[in-house]
Each structure stands twice: as structure tokens, then as C-alpha cells.
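Asker: One structure is given below, represented as C-alpha cells, and several questions about it will come after.
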Amino acid sequence: SGIAILAIDGPSASGKGSVAQRVAEALGFAYLDSGALYRLTALAAQQTGVDWSDEDGVAKVALSLDVRFEKGLTFLAGQDVSTLIRSENIGVGASQVAAFADVRQALLARQRDFAVVPGLVADGRDMGSVVFPDAQLKIFLTATAEVRAERRFQQLIARGESADLAAITRDLQSRDERDAARKEAPLRQWGDALLLETSQLSLDQVVECVLSWWKTRT
Ligand code: C5P
């Protein structure tokens, strides 16, 4: 198709979002934050009174999402919800609605639309397995639960939000368990994905590693 795809999957707070954005910038590629679409779906459902347990209702919400990504900001029906969708509560909702096959199906075409010339860096849970199975490079990016909890904690503090490390650790753990145990597109390192364990690496080192792997594939 002439469109290069680099897929980065991994658990919550593994740093894949920061890495994917930096790599996309370096390569001059578009960037897809697929988790944001699940978060936006959860938020839009909440705002329109659709229960997160209502698969049909949430799938309809997902199909008709009015979203726009612009200059690093995220708009839902014209409203800047960039901060709102990052809350832990919406993260939990995203993980709940993401377990539904109809919701995942509803977001599939929208995700594939992000693939444009010359290329795309996509991050999520099933970028290399389901959404872009033909990606030139697939990476499973992870870090220990302790390191991920600490990274999320520092992120919240840096944003001036209050944060409780023990609560974050518990939330991450239950979200990872739900993402890994579900039937639809479970979180796991798929056969042809390269493992990148980042616990001991800085963001710069991870970005460098991904870029060097990409060079060997193109
Ligand atoms: O990556 P992020 O934490 O923003 O994703 C929020 C939730 O959305 C995840 O916990 C996961 O359940 C879901 N998700 C997914 N598939 C993706 C991206 C995110 O199921 N490709």
C-alpha cells in the first residue's frame, strides 16, 4: 500500500504513548493513540447517560464519536477533553468498554483511517495483532508493575494532581488483568512482536532503540 506502519503495544503506563509520539515525530509519520479512542468512548457514554456495561449502547456511541485530534489536543463534540480523558476513572471505563467485541469493531475503521502516507506509528493493545497485522515492525513495550506505577505517579504529580502510589498500583494491576484476561484482543506479546523491556531505560534510550530497529526493517 506504500504506507509504513510501526505498531507499539503494551500495558498501561509502560511509556508507549511518549515513545510512539517521539518516534512518529522523528520519522515524520502520523501518530495514533488508540487508547484515546476507548477513553473518548467511555467519556462520551458517560456524558450521554449510557452505562459502561451496555454493549449495544456503547457501540453506538463509539460509531458516532465526534472527535478531533489537533496540535496534541483532543476534542469531543468540539470540547477540549485532553485532560478529562486522562483521569483514572475514565481509564477504568475505557478498559470496561474495550472488552466488548462490538465496541472494538465500531472503532476499527476509524483506527485504520489514521494510516496515511508516508507512515503511521500506532500505540495500543492490539495494533500489531488486529488493527495493523501487516505492520513492518511490531513492538511489545513493557516495564515492571513497580516501574509503571512509579511513572504514572510522577506524571500525575507533574500535572499538579494529587496521587496515591498504592492506589495507582492497584488500579494498574486490575486494569492489566482485565485487559489480559478478556476474550477480545487480549493484551499480550503476539508471536511476531519484539519485546522491549524498558524498566532500566530512559525515554531517550527507548526511542533510540525503536528507531534502530525500524532502520533494519526498511
Ligand atoms: O492506553 P490507554 O491506557 O490509554 O488505554 C485505555 C484502555 O483502553 C486500556 O486499559 C485498554 O483496555 C483499552 N485499549 C484497548 N485497545 C487498544 C487501546 C486501548 O483495549 N488498542
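The values are calculated or read from the model by the stated rules, or taken from the named source; none is laboratory data. Worth saying up front: this structure is predicted, and the values here are computed from it rather than measured. Glycine also receives a Cβ, built like all others from the backbone with ideal geometry; neighbour counts cover every protein chain displayed. Heads up: the accessible areas ignore ligands, DNA and RNA and are worked out on the full protein's heavy atoms, side chains in. Shrake-Rupley method; radii C 1.70, N 1.55, O 1.52, S 1.80 Å.
Asker: Sorting check: for 143-151, 110-118, which peptide has the highest mean count of neighbouring beta carbons within 10 Å, and how do the rest follow?
Answerer: Per-residue Cβ counts within 10 Å, averaged per peptide and sorted highest first, yield 143-151, 110-118.
Asker: I would also like to ask the following. If we sort 192-201, 31-40 on the protection proxy, mean other Cβ atoms within 10 Å, highest first, what's the order?
Answerer: By packing density, highest mean first, the sequence is 31-40, 192-201.
Asker: While we're looking at this one, here's another question. Can you give the accessible area per residue of the stretch 68-156, in Å², using a 1.4 Å probe?
Answerer: 44
Asker: Additional query: Counting pairwise Cα distances across the stretch 140-180, what percent come out greater than 13 angstrom?
Answerer: That fraction is 53 percent.
Asker: Please grab the % of Cα pairs in the chain that end up more than 28 Å from each other.
Answerer: Beyond 28 Å sits 25 percent of the P(r) for the chain.
Asker: Hey, quick one: spin label on TRP190, modelled 7 Å out along Cα-Cβ, who in the stretch 124-168 has an amide N within reach, i.e. under 12 Å?
Answerer: Answer for the stretch 124-168: 124-140.
Asker: Over the residues of the stretch 1-84, compute the C-alpha Rg and express it relative to 2.2 N^0.38 Å.
Answerer: Dividing the Cα Rg of the stretch 1-84 by 2.2 N^0.38 Å gives 1.23.
Asker: For LYS138, which lysines qualify as cross-link partners when the Cα separation must be under 24 Å and same-chain residues fewer than eight apart are set aside?
Answerer: Within reach: LYS16, LYS183, LYS215.
Asker: Need one value: the accessible area of SER18 in square angstrom, 1.4 angstrom probe, rounded to the nearest 10.
Answerer: Number for this one is 50 Å².
Asker: Counting just the Cα atoms, what span does the stretch 115-190 cover along each of its three principal axes? Round to the nearest Å and put the largest first.
Answerer: Principal-axis extents of the Cα atoms in the stretch 115-190, largest first: 40, 30, 17 Å.
Asker: Here's a follow-up. How far is the Cα center of the stretch 92-124 from the Cα center of the stretch 42-68, in Å?
Answerer: Cα centroid of the stretch 92-124 versus Cα centroid of the stretch 42-68: 14 Å apart.
Asker: With the convex hull built on the Cα atoms of the stretch 29-143, state its orientation-averaged projected area in nm².
Answerer: The number I arrive at for the stretch 29-143 is 7.4 nm².
Asker: Net charge near VAL61, counting Lys/Arg +1 and Asp/Glu -1 over other residues with Cβ under 14 Å of its Cβ?
Answerer: Local net charge: -2.
Asker: Another question, then. Going from most exposed to least, what order do ILE90, ILE157 have by accessible area with a 1.4 Å probe?
Answerer: Listed by decreasing accessible area, they come as ILE157, ILE90.
Asker: Taking +1 at the Cβ of each Lys and Arg and -1 at the Cβ of each Asp and Glu, which of LEU37, THR218, PRO133 sits farthest along the dipole of the chain towards its positive end, judged by Cα position relative to the Cα centre?
Answerer: Sorting the options by dipole projection puts first THR218.
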